[in-house]
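Below is one structure, written out as structure tokens; comments come after it.
The values are calculated or read from the model by the stated rules, or taken from the named source; none is laboratory data. On a predicted model such as this, the values are computed, not experimentally measured, just so you know. Positions of Cβ are backbone-derived with ideal geometry, glycine not excepted, and every protein chain shown enters the neighbour counts. In case anyone asks, the SASA skips ligands and DNA or RNA and just uses the protein heavy atoms, side chains included. Shrake-Rupley method; radii C 1.70, N 1.55, O 1.52, S 1.80 Å.
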Amino acid sequence: VLSSSLPRLVREFVAQNNTSQIKHVIQILSQEFALSQHPHSRKGGLIGLAACSIALGKDSGLYLKELIEPVLTCFNDADSRLRYYACEALYNIVKVARGSVLPHFNVLFDGLSKLAADPDPNVKSGSELLDRLLKDIVTESNQFDLVGFIPLLRERIYSNNQYARQFIISWILVLESVPDINLLDYLPEILDGLFQILGDNSKEIRKMCEVALGEFLKEIKKNPSSVKFAEMANILVIHCQAADDLIQLTAMCWMREFIQLAGRVMLPYSSGILTAVLPCLSYDDRKKNIKEVANVCNQSLMKLVIPEDDEMEEAKQSMTIPAEPTSEESLSKPEAASNLPTVGGELDITALNQSLSFPCSSERIQVSLNLDGIVQVLDCHLHDTSIGMMTRIAVLKWLYHLYIKTPRKMFRHTDSLFPILLRTLSDESDEVILKDLEVLAEIASSPAGQTEGPTPSDGSETRPSPVELHVPARAMGQLSSSGMKGLECSPSTPTMNSYFYKFMINLLKRFSSERKLLENRGAFIIRQLCLLLNAENIFHSMADILLREEDLKFASTMVHTLNTILLTSSELFQLRNQLKDLKTPESRNLFCCLYRSWCHNPVTTVSLCFLTQNYKHAYDLIQKFGDLEVTVDFLTEVDKLVQLIECPIFTYLRLQLLDVKNNPYLIKALYGLLMLLPQSSAFQLLSHRLQCVPNPELMQTTDSTKVSTSFKRTTASNIDYTELLQHFEKVQNKHLEARHQRAGRAEQLDRRVVL
């Protein structure tokens, strides 16, 4: 009856333009049949509604609401056959109405998204037919309401059902392919959901999602000016830290393109980006692709920091793009990710966007560097002992880059960074230590690090110097427990800043507390610093600090290390030449400064005199050795000095042995060393060398009217050698007293053990 008489009746009402009767017929079919409690009645109602729609033809658009609603209700029917009939009925309704159904698209999409996950294959097949029809209608129409559809899409994109996800992705691909629909404007609303779908267990769905994201990225590259980069930055930061490799790689590729396309627009999100990128730099070959893309992101982001960032005053840092959170709120992820607004456990992009108040991409954007957040992330990574070597190197490169580009702002963070930079010197990797030293050297030499403060008025005695640099007041508190007294002012370091002397103090403290660091890396660290900074300043300042060192054993060890570096390192060639002749007041001042500290170690003091050609004073010192306690360590150092005399460093000294007349004290000093040595290989070596001296009878000291040229030079230098000799005796008496005290304590300890 329905199939034959109903269409004829409806057509008659249409011909009469009797809308009330048409609505009455539809109401009866809906209420009394489609929504009936009896399955057969519901089936008949669905068939009748479809027949009514066909009979209405082009006029069906006037009654779509009444026609669609009861059919959609039947989508939830427990009987799978009725759900199939509902699909069939709606297919006929939509097929007749075509573009007229677009105002009802959301309810249709909502119903179809549920049927996409239907367990019955027939129902699913019917829904797919309806889905294809609806896609065709959307594709050929220019009246699709994208704005109204986006909230529903954003909600449904977080579905965990595989079929629903497949349905969502298929629609995104269709909408993206329609020229008149600009889905890119609303990408921030769905990007997070897309990345979550990318982690689906189904390879087919992951592939579809990859294609969808790839199409969006192509569109972004074509039209970067219309892309809302800022609104998607934090979403990418979160997914760049995903455990799933595909999600992480895809997000990292997007981040790379964003940084390169958006440029400085991405700067406010630097700390979050670095949090995501830096750990990836230490990935092994299993994640080689992610590591390579992360490295490009890191390098590109670093290039965005420019010197102008150091010139912006805080009062002028007005930004239309919101700055990154402050150091306390910085996107250190994943904590930041856990605080983002969510809906049903998923990221609520709308709430996120509203809270961030992003501007339209067409607005003129002024961006400034949020250094606090970046430094906090870098500092956090340096403190993390579990991070890989390449990450630590990247962190140090960032710090160096920031000190070069924005020194004024970076020095506000130096006090907090300084301790961890010093601790990093104990790293296992030489490459990490090299980068760390570059950062410390930049801190110590940058003009931005020059601090001004009141001259210490504690009555401590200071020496005049051309440039008197004071340790920053905040550093003085750290010196009270170091055992180093009277360090209020630095030596003459005209090219260094106030942090240079602080660096030298803390470096020596580090060596003192970590003797293994001194033994294994001490020479390496000091040699590299001599390349990065002024070698004279380094030796001058360290000697000045060691002069006041209370731990005499450490002072002796450190002086021996410095002396070995001075005599053997190619990096110190220029400094050795400067000391060899003592022609300038600066070189004589340096010699006196080194000498006073070198007195902590008698043999190194003699070697310094040999280096500076102060042979008479070397002979006088060796004469004093008879009053010293000769230990095995002492003889070992004399042995090493003999070995050094045979090295290329002292070629000039050996040649001077040919001039016996003008170098009598050199020969006497060498004979003095020979007399100190036991019958050993070093004794034989030095003895053979002295046997080569021509005509030993000429070794007599010349009279006062024929003074040697070398002695004339030292006399003209106005150096008080008598005072230096007295200082040597004073220091050695301190060492003797300290050894006796140590021996006494050891004896008391032995007695306690026996008792």
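For Glu431, only one of the following conditions fails: (1) part of a helix (DSSP H, G or I); (2) surrounded by 13 or more Cβ atoms within 10 Å (Cβ to Cβ); (3) at pLDDT below 95; (4) not polar (S, T, N, Q). What is its number?
With respect to (1) part of a helix (DSSP H, G or I); (2) surrounded by 13 or more Cβ atoms within 10 Å (Cβ to Cβ); (3) at pLDDT below 95; (4) not polar (S, T, N, Q), Glu431 is out only on (3).
Which pairs have Cβ atoms under 6 Å, sit 6 or more apart or on different chains, and link a residue in the range 159-175 that is farther than 20 Å from Val138 by Cα to one that is open to solvent by 30 Å² or more (accessible area, probe 1.4 Å) and not in a helix (DSSP H, G or I)?
Listed by first residue and then by second, the contacts come to Asn161/Ala117; Tyr163/Ala117.
For residues that are over 11 Å from the mean Cα position of the chain (by Cα), surrounded by fewer than 23 Cβ atoms within 10 Å (Cβ to Cβ) and in a helix (DSSP H, G or I), tally how many sit in the range 365-382.
Looking only at that region, the number is 2.
Would you call Ser717 modelled with pLDDT under 90, more than 30 Å from Val630 (Cβ to Cβ) and open to solvent by 50 Å² or more (accessible area, probe 1.4 Å)?
no
Please state which of the following conditions Ala78 fails to meet, knowing it meets all the rest: (1) over 29 Å from Gln16 (Cα atoms); (2) touching a Pro at 6+ places or on another chain (Cβ under 9 Å); (3) of a type in the set (A, V, I, L, M).
(2)
Can you name every one of the helices (runs of 4 or more DSSP H) wholly within the range 146-210 that holds 2 or more residues which are surrounded by fewer than 17 Cβ atoms within 10 Å (Cβ to Cβ), of a type outside the set (Gly, Ala, Ser) and within 37 Å of the chain's Cα centre (by Cα)?
Details: elements: 146-156, 162-177, 187-197.
Because the criterion is at least 2 residues that are surrounded by fewer than 17 Cβ atoms within 10 Å (Cβ to Cβ), of a type outside the set (Gly, Ala, Ser) and within 37 Å of the chain's Cα centre (by Cα), no helices (runs of 4 or more DSSP H) in the range 146-210 meet it.
May I ask you to verify whether Ile545 is touching a helix residue (DSSP H, G or I) at 6+ places or on another chain (Cβ under 8 Å), farther than 30 Å from Asn718 by Cβ and crowded, with 20+ Cβ neighbours inside 10 Å?
In short, no.
Count, please, the residues in the range 389-428 that happen to be crowded, with 18+ Cβ neighbours inside 10 Å and either of a type in the set (A, V, I, L, M) or in a loop (DSSP other than H, G, I, E, B) (or both).
Residues meeting the conditions: 15.
When you scan the range 217-307 for helices (runs of 4 or more DSSP H) that lie fully inside it, which ones turn up with 3 or more residues that are open to solvent by 10 Å² or more (accessible area, probe 1.4 Å) and at pLDDT 95 or above? Break it down into steps so the answer makes sense when it comes.
Details: elements: 229-239, 245-262, 270-277, 288-303.
Answer list for the range 217-307: 229-239, 245-262, 288-303.
Part of a helix (DSSP H, G or I), open to solvent by 40 Å² or more (accessible area, probe 1.4 Å), farther than 27 Å from Tyr400 by Cα and of a type in the set (Asp, Glu): which single residue out of Glu586, Glu571 fits that description? Break it down into steps so the answer makes sense when it comes.
On the way: Glu571 fails: farther than 27 Å from Tyr400 by Cα.
Testing whether each residue is part of a helix (DSSP H, G or I), open to solvent by 40 Å² or more (accessible area, probe 1.4 Å), farther than 27 Å from Tyr400 by Cα and of a type in the set (Asp, Glu) leaves just Glu586.
Just for the range 644-661: of the residues that are surrounded by 13 or more Cβ atoms within 10 Å (Cβ to Cβ) and not charged (D, E, K, R), which one is farthest from the chain's Cα centre (by Cα)?
Taking the candidates together, the pick is Val660.
Looking at the range 93-123, which of its residues are open to solvent by 40 Å² or more (accessible area, probe 1.4 Å) and closer than 13 Å to Ala164 by Cα? It would help to see each step written out before you state the result.
Initial filter on the range 93-123 (open to solvent by 40 Å² or more (accessible area, probe 1.4 Å)): 95-96, 98, 100, 103-104, 106-107, 114, 119, 121-122.
Within the range 93-123, Lys114, Pro119 meet the criteria.
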